[in-house]
Amino acid sequence: MKILVATEKPFAKVAVDGIRKEIESAGYEPALLEKYTKKEQLLAAVSDADALIIRSDIVDAEVLDAAKRLKIVVRAGAGYDNIDLAAATSHNVVAMNTPGQNSNAVAELALGLMVYAVRNFYGGTSGTELMGKTLGIHAFGNVGRNVARIAKGFGMNVIAYDAYCPDDVMQAAGVEAVHSAEELYSRSNIVSLHIPATAETKNSINRALLSLMPEGGLLVNTARKEVINEEELIQLMQERTDIKYVTDIMPAADQKMQELFTGRYFSTPKKMGAQTAEANINAGIAAAKQIVDFFKTGNTRFKVN
Ligand code: 3PG
């Protein structure tokens, strides 16, 4: 049984070693494809794989066609918008994620981006503090909950909107539940995005919503670039010269935004929210364990298709 780890953006070495150990001690054969630059490399590597561990790597119908022996693909991470779920199902491939395993890493980066932005990108000019500001958490899943925990340590007033999360879950975390995105954006000095990219959320962060933010508003995106209506964000930032945008997912218009919004815009060069040894170990080993458990016992607990 061959288990392929295919990661264009590699895990930390310590995580790869742990994944390998997990696979070998179950009596299976590990294989590794890292930093690949062409889809053909992935297509060749999956041809004899029984299981596949990925990160943001694209698994579409073409990859599934090439993976003749594949029975399971596990996205070592939270968002599985990179897997064509319908194609996986039609190829009789089980798709899973590893929810929660990298969420603290992403949350820490979100707070780091906030400090960076309110301190004027560490340029030496006088900025502002997070203490006493209202933070709006858009979606209260695993990352949103960690962001709330850390933000409370900064002394922020934390509010959250999540249509799928009961109020008492937020209240138990010391977070005020609000009941519309409009209310969240109009009350928050800083909004931190934690919504998945789905048909419903794509392009949903638009000019109408962002224009509700108070003077000096900051939008922090450690979720997905697809949820932003980029054209409207640019329009809004042109009209509202007080608004700042910091993101861990480089926008298509990165170059243009750098030129237009100097001092108000920052993107990491490559998504790095989950790029910590701890998150790599947690998510990578969880993925390996889920695969072993699936083959040994048929457990499909984290199946998403
Ligand atoms: C996730 O959905 O888990 C995060 O976006 C991390 O993605 P990555 O594994 O590609 O860094």
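Given N residues in the chain, what is Rg(Cα) / (2.2 N^0.38 Å)? Don't skip to the end; give the middle numbers.
Values: Rg = 20.3 Å, N = 305, 2.2 N^0.38 = 19.3 Å.
The value comes to 1.05.
Work out how much length A277 to Y164 would gain on full extension: take 0.36 nm times their residue separation and subtract the Cα-Cα distance, in nm to one decimal.
On the way: separation 113, 0.36 × 113 = 40.68 nm, distance 3.09 nm.
Here the segment from A277 to Y164 would lengthen by 37.6 nm.
Where Lys and Arg each count +1 and Asp and Glu each count -1, what net charge lies around Q290 among other residues with Cβ under 12 Å from its Cβ? Please report the intermediate quantities before stating the final value.
Numbers: positive: R75, K289, K296, R301, K303; negative: E22, D293.
The answer is +3.
Taking the Cα centre of the chain as origin, work out the dipole magnitude from +1 charges on Lys and Arg Cβ and -1 charges on Asp and Glu Cβ, in debye rounded to 20. Each step should come with its number before you reach the end.
Values: 33 positive and 36 negative charges, 137 e Å.
Using only the charged Cβ atoms, the result is roughly 660 debye.
L32's amide H: which non-local residues (gap 5+, or another chain) put their own amide H closer than 5 Å, with H modeled 1.01 Å from N in plane and none for Pro or chain starts?
V5
Kindly provide the trypsin sites (Lys or Arg not before Pro) of the range 60-112 that DSSP labels as loop, not H, G, I, E or B, and whose Cβ sees at most 15 other Cβ atoms within 10 Å.
Numbers: sites: K68, R69, K71, R75; in loops: K68, R69, K71.
Qualifying residues, ordered by number: K68, R69.
Subtract the Cα-Cα distance of K68 and E29 from 0.36 nm times their separation in residues, and report this length gain in nm to one decimal.
Numbers: separation 39, 0.36 × 39 = 14.04 nm, distance 1.70 nm.
The K68-E29 span can extend by a further 12.3 nm.
Mind jotting down the three principal axis lengths of the range 1-114 based on Cα atoms? Whole angstrom, largest first.
Sorted from largest, the Cα extents of the range 1-114 read 45, 32, 25 Å.
Rg and Dmax of the range 103-267 over Cα atoms: what are they, in angstrom?
Every Cα atom of the range 103-267 included, Rg and Dmax give 14.5, 44 Å.
What does the highest-first list of 97-107, 252-262, 39-49 look like by mean Cβ count within 10 Å?
97-107, 39-49, 252-262
For the range 171-181, just list the computed ³J(HN,Hα) in residue order, Karplus coefficients 6.51, -1.76 and 1.60, θ = phi - 60°, integers in Hz, with x standing in for Gly and Pro.
With coefficients 6.51, -1.76 and 1.60, one gets 4, 5, 8, x, 10, 7, 7, 10, 10, 7, 4 Hz.
List the residues, sorted by chain then number, that are 5 or more residues from V94 or on another chain and whose placed amide H is less than 5 Å from its amide H.
Sorted by chain and number, the residues that satisfy this are I72, V73.
Quick check: pseudo-label points 7 Å beyond the Cα along Cα→Cβ at K21 and Y36, how many nm apart are they?
Once both label points are built, they end up 2.7 nm from each other.
DSSP loop (so not H, G, I, E, B), at most 15 other Cβ within 10 Å: list which trypsin sites (Lys or Arg not before Pro) in the range 1-35 pass both filters.
Numbers: sites: K2, K13, R20, K21, K35; in loops: K35.
Within the range 1-35, the qualifying trypsin sites (Lys or Arg not before Pro) (loop, at most 15 other Cβ atoms within 10 Å) are K35.
Give a residue-ordered list of calculated ³J(HN,Hα) values for the range 49-54 (Karplus: 6.51 cos²θ - 1.76 cosθ + 1.60, θ = phi - 60°; whole Hz; x for Gly, Pro).
8, 8, 9, 9, 10, 9
Pop out the ³J(HN,Hα) list for the range 244-258 in order, Karplus 6.51 cos²θ - 1.76 cosθ + 1.60 with θ = phi - 60°, rounded to Hz; leave Gly and Pro as x.
Once θ is set to phi - 60°, the couplings for the range 244-258 become 10, 9, 10, 9, 9, 10, 4, x, 4, 8, 3, 4, 4, 5, 4 Hz.
If packing is taken as the average count of other Cβ atoms within 10 Å, what order do 163-173, 283-293 fall into, highest mean first? Don't skip to the answer; put the middle values down first.
Details: 163-173: 13.0, 283-293: 24.1.
By packing density, highest mean first, the sequence is 283-293, 163-173.
Just so you know, all these numbers are worked out from the coordinates, no wet-lab data involved. This is a predicted model, so every value here is computed, not measured. Reconstructed Cβ throughout: ideal geometry from the backbone, glycine too, with neighbour counts over all protein chains shown.
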